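Heads up: the structure comes next, in structure tokens.
The values are calculated or read from the model by the stated rules, or taken from the named source; none is laboratory data. Everything numeric here is computed off the predicted structure, so don't read it as measured data. Here the Cβ positions follow ideal geometry from the backbone for every residue, glycine too, while neighbour counts run over all protein chains shown. For the accessible areas, the whole protein counts, side chains as well, though only heavy atoms, and no ligand, DNA or RNA atoms are used. Shrake-Rupley method; radii C 1.70, N 1.55, O 1.52, S 1.80 Å.
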Amino acid sequence: IENGLDIPRANTLIVNRADRFGLSQLYQLRGRVGRASRRAYAYLLIPSQDTLTSDARRRLRAIREFSDLGAGFRIAALDLEIRGAGNLLGAEQHGHINAVGLELYLKLLEETVHELKGEPVPDDLQTSIDLRLDIQIPEHYLQDSALRLWLYKRISTVTAHEKLESLRDETIDRFGRFPRPVSNLFQYAHLRLKARHLRILALERSGARIRIRFRDDTPIAPSKLVPWVERRDSISLNPDGVLTLQVGSLVEGRLFEHLEETLEELSMLK
């Protein structure tokens with residue numbers, strides 16, 4: 001019924017327990033009425049508002065607000081944000097975008113487009129960074145989900161520090177001073193650019209420690225790295241080549257400064 005039923009004279013739709021339907025399902029169901037010149041009505045029945053999940057409230061609010069012609073793209077963008085991009089590496093058709101990561105999703109998508117066009121896919125190292133900090137763009141800063149996705153995309157694809165600073169200024173100019181999570185997101189992007197030049201695979205925080213894993217083709221010379229580590233009490237290097245930094249309970253701003261200083265020193269060991 002949600003994909004093809006077409007009865008032009010039908011002008012009333014009743015959906016029981018609409019909170020159990022997905023956003024795209026509700027959008028398609030609503031489109032089954034109002035297909036002719038007569039005015040149509042869609043009644044979405046739900047239990048008490050207090051029993052609804054936060055995602056159900058967002059879906060119902062979206063289906064109520066996005067009723068104008070051409071709202072399908074905004075519905076689809078919000079549906080992607082709520083449900084996630086799915087399991088790109090398996091057979092499941094559902095999932096949460098946080099499990100894959102927006103940057104990885106966009107990277108895989110762009111690589112597929114290059115392959116379909118017959119273009120060479122560049123060996124673009126994507127450094128994984130997990131500092132256990134909030135890097136989500138809050139709704140109170142950008143209410144439009146399409147704009148949030150646009151900003152995620154722009155930040156994740158920046159390839160130079162100058163362009164990242166330009167994007168930061170553009171964001172402030174268009175939307176105002178951003179909150180701490182958005183600042184963290186830009187700081188992540190700065191670290192990722194620095195780490196990429198050093199062929200670093202991952203920066204991962206666990207408690208009071210941050211582990212740095214290098215790729216085999218890192219330009220850092222082992223003959224310089226070992227003496228550098230030996231001169232520092234808060235840094236250790238295991239036999240697998242994983243560098244561990246003791247960061248204690250550094251606050252967010254100082255943590256980023258410490259990491260940038262460390263990466264700057266590592267860049268001098270080429």
*Loop sites in region 187-233: chymotrypsin sites (Phe, Trp or Tyr not before Pro), DSSP, at most 16 other Cβ within 10 Å*: none
*So if R0 is 22 Å, what FRET efficiency would ASN238 and ASP134 give, r being the distance between their Cβ atoms, rounded to the nearest 0.05?*
0.15
_At 0.36 nm per residue, and after removing the present C-alpha to C-alpha distance, how many nm does the segment from ARG196 to ASP6 gain when stretched out fully?_
63.1 nm
*Can you list the residues, at least 5 places off or on another chain, whose amide H is less than 5 Å from the amide H of LEU13, using H built in the peptide plane?*
TYR41, ALA42, TYR43
*Go through LYS117/LYS194; LYS117/LYS153; LYS117/LYS163; LYS107/LYS153 and tell me which ones have a Cα-Cα distance over 19 Å in this structure.*
LYS117/LYS194; LYS117/LYS153; LYS117/LYS163
*Please list the non-local residues whose amide H lies under 5 Å from the amide H of PHE214, H modeled 1.01 Å from N, same-chain partners needing a gap of 5 or more.*
LEU201, LEU243
*Tell me, what is the FRET efficiency for ARG20 and GLU110 to the nearest 0.05, using R0 = 35 angstrom and their Cβ-Cβ distance as r?*
0.50
*How much of the accessible area of region 141-243, in percent, comes from carbon and sulfur atoms when a 1.4 Å probe is used?*
48
*asked:* Once the cut-off is 18 Å, how many percent of the Cα-Cα pairs in region 166-230 end up in the long-distance tail?
replied: 55
*Which of the trypsin sites (Lys or Arg not before Pro) found in region 185-262 are in a DSSP loop and have at most 15 neighbouring Cβ atoms, other than their own, within 10 Å?*
ARG199, ARG215, ARG231, ARG232
